[in-house]
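Written out below as structure tokens is the structure these notes cover.
The values are calculated or read from the model by the stated rules, or taken from the named source; none is laboratory data. Every value quoted in this text rests on a predicted model; they were computed, and no experiment measured them. A quick note on method: Cβ atoms are made from the backbone with ideal geometry, for glycine too, and the neighbour counts reach across all protein chains shown. Keep in mind that these areas ignore ligands, DNA and RNA; they rest on the heavy atoms of the full protein, side chains included. Shrake-Rupley method; radii C 1.70, N 1.55, O 1.52, S 1.80 Å.
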Amino acid sequence: MITVKNLTKKFGGFTAVNDASLTIEEGSITGLVGPNGAGKTTLFNVIAGVYKPSKGTVYLDGKDITGLEPHQLFHKGLLRTFQIAHEFSTMTVRENLMMVPGEQSGEKLLDVWLKPSKIRAEEVLLRNKADEVIEFLEISHVADELAGNLSGGQKKLLELGRTMMVDAKIVFLDEVGAGVNRTLLNTIGDAIIRLNKERGYTFCVIEHDMEFIGRLCDPVIVMAEGGVLAKGTIDEIKSNEQVIEAYLGTGLKNKAAS
Ligand SMILES: Nc1ncnc2c1ncn2[C@@H]1O[C@H](COP(=O)(O)OP(=O)(O)OP(=O)(O)O)[C@@H](O)[C@H]1O
Ligand SMILES: [Mg+2]
């Protein structure tokens, strides 16, 4: 579904992603792991159109999407969530969800004047859709809570919920599990698996929690120092010498070199 070819992203003189090539198969929940600073988030940002690559190409279903803007990719069903949740804190959970499809339409304001009944009908649809998502994620008890009052984990669930308000094809999740307690992490994991199985979403998941990755992801891609180091099942990854070395710390290697 996604093919990345020889992707490089430089920030000034620093190379954050270095000639990375990988594929994400349709229907998979692909894990993306690697030590801090490996370039995972940067790779996500380039794929999702936040950054333009310095070099390389990104394909979605065989079509070159390199350098498209995030909203253009959004229309194509490519969505991402952020390492840091970015909810609208003074709106309720339901309102946050109802905000999402609005980003899809550039004609909304005109419609308010010209077709008020159409707007009302759309709002009812949106509200129903939001309630469906709330039920799916089992967060009915906080539906009318201000998003700013949610726990870290609940905010992550809301992020996931936002991807369900549109017809997503592939969703990139950046550390959905960070700072989330075990119970909620399991809820998030279950939601991802159900979205994958029941709605056919393809996922690419960045996560440091290997237990979470192991439960959800096949295959797992490992990045280190900007490049792709390995790809395989969780067991293959865990027993891969190069991967173990990368995780043991570049510190060791640097010491040996100096
Ligand atoms: N906007 C930026 N400007 C300059 N350097 C950046 C920028 N974004 C990221 N970097 C650098 O690029 C490298 C890769 O960062 P990135 O955030 O992609 O890593 P990561 O694998 O997501 O790490 P983590 O697991 O800690 O989230 C890091 O050394 C980081 O400091
Ligand atoms: Mg990151």
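Per-structure values
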item: So Pro70, is it more than 14 Å from ligand 1 (Cβ to nearest atom) and touching a strand residue (DSSP E or B) at 6+ places or on another chain (Cβ under 9 Å); result: yes
item: Residue list for segment 209-241, restricted to those being among the hydrophobic types (A, V, I, L, M, F, W, C) and part of a strand (DSSP E or B); result: Val220, Ile221, Val222, Met223, Ala224, Val228, Leu229, Ala230
item: Total residues in segment 164-184, condition assigned to a helix (DSSP H, G or I) and either in contact with a helix residue (DSSP H, G or I) (Cβ under 6 Å, 6 or more places away or on another chain) or not assigned by TED's automatic domain parsing to the domain that holds Glu211 (or both); result: 1
item: Restricting segment 41-64 to residues that are open to solvent by less than 20 Å² (accessible area, probe 1.4 Å) and either more than 15 Å from ligand 1 (Cβ to nearest atom) or assigned to a loop (DSSP other than H, G, I, E, B) (or both), the residue that is nearest to Phe11 (Cα to Cα); result: Gly49
item: Any hit, segment 28-38, residues being within 16 Å of ligand 2 (Cβ to nearest atom), surrounded by 15 or more Cβ atoms within 10 Å (Cβ to Cβ), of a type in the set (A, V, I, L, M, F, W, C) and part of a helix (DSSP H, G or I); result: no
item: Of all residues in segment 131-168 being closer than 14 Å to Leu195 by Cβ and touching a Phe, Trp or Tyr at 6+ places or on another chain (Cβ under 9 Å), the one that is surrounded by the fewest Cβ atoms within 10 Å (Cβ to Cβ); result: Val166
